[in-house]
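Since the structure comes first, as C-alpha cells, the remarks are kept for the end.
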Amino acid sequence: MKEQIKKSLLTLCLFIFMAGITVGSGYYKKSVSSERGSFIIALPAKKDNQEVLLNIAEQGLPKKLIQPNRISISSGHGGGIINRGNESLWVKVQTEGFLGKVQLESKDPSFNHETGVFSRPLKPNQSFNLAVNLTIPKGKLKGHTVTEGNIKLINSKDESLIGNIPVRIINSETDGIEDSTKNNDTNEACH
Amino acid sequence: MINTQIMLIKRAIWYIVGLLLFYAPFALYQKALFGLVNYNKPADIHSLCLRMPLLNLLLGKWSLIVPVVMITLFLFFMFAIIFGPFFCGRLCFAGALPEYLSRLIPDRFKIDWVTGINPIPVRYGFLAGYLITPFLAGSIACAFCNLSFMQRLIDGGFWGEFGVLSSTNIITFFLWIILFGIFTKGGRGFCNFICPIGAVQSLVYSISSRLHFTYKLRFAKDKCISCGACVKACSMGSLQKEPDNSITYQIHNCITCLQCQAACPKNALTYGTGKSGWKDGITLVNNEPSIQESIR
Ligand code: SF4
Ligand code: SF4
C-alpha cells in the first residue's frame, strides 16, 4: 500500500515536472524569439514599413554556437505580404544594402527565388509569404551596426516601388565604436 | 531473428511511404487532398501540420481549423481508434529515422531512459504543458517540431543546406536525433517524451483498445515462456520483464509497430480485434513463472 502511494506520488511529480519544463521551454522560446525578424506589409504601401531591428547579442546560446551569422527575416508561414488594394499586383522582390549572401524563399509555388518574381498576381485580400535569409561573413558580426538594408517590393509590370521594409541588424555586445559595414550594392534577388 | 529483420524492412518500406505521402517535394497526400477540396496552398509538411490543429482543437479554437486539416484530423482520429497509433507505428518518418539510426550504434553507448524514468507521466506531462503554454508564453508547436526539422533535412538533401536555424531548432535536432535518438536505447526518446501527436494517439488507443471491434496488440498468456525477446525488440520500452519473470505491457506508449510480434518465438503476441488478453486491458502482470517451468 505504502509502495503504491509512493509510486503514485512519483508519477504525479514527474507529470508536474514535465509540464513545468514544457511551459519553461515556451518562455525560453519567447526569450529567443528576436533571433528571427518578422514583418507584415500591406500593399500598395504609401510609406516605408516599420523597421525590422535585430540584435545579434540577443541570440540564444545554441544559435550563437552553431549559426550566429545566418539570419532570417520572414513574414511567417501564413502570408504577410497582403494586397489591400482593389487591383491585382504583380510582385517582384529585391534587396539592397545587405552584407554577404542574400537568399529569397517563399512557399508560394509561383515564386522564382533566383529572380525574386512571383509569376502569379497577388489578388486583392490575398497574401504571399516571403523569407529573406542572410548569411553575414562571420568576421563582420562585431560592429555595432552589423548590416542594414532594405527589402523592396516592386510592381513588376511598371517597376514602381509598392513597398519597402527597412532592416537593421545590430550587435549591442560590441562597444559601438566600430561602424556599420554597409554594402551599397543592390542585391538583385539572390546571390 | 529473421522475422525481426523482415519486420524492420517491412516497416522501413511503410515509413518511406509516409515520407512520400507527407513531405515535399512529394507530399502526395496533401496534393491529392488539396486538389479534391480546391485548396491553394503549397504542399509540404507545414500545410498539414497536426501540432497546431490539435492544439486549436483541444483549446476549442474551431474556427482556425481549415477543411483540409479537419479531414486530416478526422482520418487521424479514426485510424487511431480503429488501428491504434498507426501513424507512429507505420507512417511517421521523423519518428523512424532516429530509431533506425540508433540501430547502428552499439548498445553500450546508449542510455536506457525508460527503465529509470517512467515515460508515461513525462509523455502526458509534456502534452499538458503543450496545452498550457499558449496561455502563458505562446505556442511551442513549431518551435520544437521534429517533423518540421525532417522537412528541412529533405529540403537540404539530408547533408546539405538546413536553412536558417533558431536556437529551438538546434535544441530540437539535438534531442530528437542525438540525445533521445542515436544515444537512446530504442532510438525513440523523442517519441516517448516530447511528441504531442504520439501522446494524443496513445490516449485514444488506450480507450479504444477496450472495444471489441478495434485492432490492438493481443497477448496469449498461455503461450508466453517469458523469454523476453519482445522486451528486447520494443523500441518504446512498452514491454518490460519484471524480476519475477512477468512481462508488463504499457499501452500508453506502445506505437503498435509490431516488432514484438515478429520477435516472439511462440506467437504469444498478435495484432487483431477482440479481447486484448492483457490484464485490465492496460497492463499485464504475468506473474506465473510456473508457465516457463512447466514447459521445461
Ligand atoms: S509493445 Fe510491441 S507494438 Fe508496442 S511499441 Fe513495443 S514493439 Fe511496438
Ligand atoms: S510474449 Fe513472446 S517474446 Fe515476449 S516473453 Fe512471451 S514468449 Fe517471449
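For the range A:28-49, how many residues meet the condition of being more than 14 Å from B:Gly138 (Cβ to Cβ) and more than 10 Å from chain B (Cβ to nearest Cβ)?
Qualifying residue count for the region: 12.
Quick check on the range B:203-217. Is at least one of its residues away from every other protein chain (no Cβ under 14 Å), under 18 Å from B:Ala262 (Cβ atoms), within 16 Å of ligand 2 (Cβ to nearest atom) and in contact with a helix residue (DSSP H, G or I) (Cβ under 8 Å, 6 or more places away or on another chain)?
yes
Is there a residue being of a type outside the set (Lys, Arg), facing chain B (nearest Cβ under 10 Å), touching a residue at least 40 places away in the same chain (Cβ under 8 Å) and assigned to a loop (DSSP other than H, G, I, E, B) anywhere in the range A:101-122?
No: the range A:101-122 contains no residue that is of a type outside the set (Lys, Arg), facing chain B (nearest Cβ under 10 Å), touching a residue at least 40 places away in the same chain (Cβ under 8 Å) and assigned to a loop (DSSP other than H, G, I, E, B).
Does B:Ala143 satisfy the condition of being surrounded by 18 or more Cβ atoms within 10 Å (Cβ to Cβ) and in a loop (DSSP other than H, G, I, E, B)?
Here the answer is yes, as B:Ala143 does meet what is asked.
Looking at this structure, is A:Ile73 in a strand (DSSP E or B), surrounded by fewer than 19 Cβ atoms within 10 Å (Cβ to Cβ) and not acidic (Asp, Glu)?
No.
Within the range B:205-214, which residues are out of contact with any strand residue (DSSP E or B) (no Cβ under 6 Å at 6 or more places or on another chain) and either within 13 Å of ligand 1 (Cβ to nearest atom) or open to solvent by less than 30 Å² (accessible area, probe 1.4 Å) (or both)?
B:Tyr205, B:Ser206, B:Ser208, B:Thr214, listed by residue number.
Condition check ((1) open to solvent by 70 Å² or more (accessible area, probe 1.4 Å); (2) in contact (Cβ under 8 Å) with a residue 40 or more places away in the chain; (3) within 28 Å of B:Thr133 (Cα to Cα); (4) within 14 Å of another protein chain (Cβ to nearest Cβ)) across all residues:
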{"position": "B:Ile9", "(1), (2), (3), (4)": "yes, no, no, no"}
{"position": "B:Ala24", "(1), (2), (3), (4)": "no, yes, no, yes"}
{"position": "B:Lys31", "(1), (2), (3), (4)": "yes, no, no, yes"}
{"position": "B:Asn38", "(1), (2), (3), (4)": "yes, no, no, no"}
{"position": "B:Lys61", "(1), (2), (3), (4)": "yes, no, yes, no"}
{"position": "B:Val66", "(1), (2), (3), (4)": "no, no, yes, yes"}
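Name every residue in the range B:230-241 that is crowded, with 21+ Cβ neighbours inside 10 Å and not in a loop (DSSP other than H, G, I, E, B), in order of residue number.
Of everything in the range B:230-241, those that are crowded, with 21+ Cβ neighbours inside 10 Å and not in a loop (DSSP other than H, G, I, E, B) turn out to be B:Cys230, B:Ala233, B:Leu239.
Within the bounds of the range B:152-173, is there any residue that is crowded, with 21+ Cβ neighbours inside 10 Å, touching a residue at least 40 places away in the same chain (Cβ under 8 Å) and assigned to a helix (DSSP H, G or I)?
No, the range B:152-173 contains no residue that is crowded, with 21+ Cβ neighbours inside 10 Å, touching a residue at least 40 places away in the same chain (Cβ under 8 Å) and assigned to a helix (DSSP H, G or I).
Taking only the range B:216-228 into account, find how many residues are surrounded by fewer than 18 Cβ atoms within 10 Å (Cβ to Cβ) and within 14 Å of ligand 1 (Cβ to nearest atom).
1
When the residues of the range A:25-40 are filtered to those that are in contact with a strand residue (DSSP E or B) (Cβ under 9 Å, 6 or more places away or on another chain) and not aromatic (Phe, Trp, Tyr), which remaining residue is surrounded by the most Cβ atoms within 10 Å (Cβ to Cβ)?
Filtering first and then ranking leaves A:Glu35.
The values are calculated or read from the model by the stated rules, or taken from the named source; none is laboratory data. Just so it is clear, the model here is predicted, and its values are computed rather than measured. All Cβ positions, even for glycine, are placed from backbone atoms using ideal geometry, and neighbour counts span all protein chains on display. Areas reflect the complete protein model, heavy atoms only, side chains present, ligands, DNA and RNA absent. Shrake-Rupley method; radii C 1.70, N 1.55, O 1.52, S 1.80 Å.
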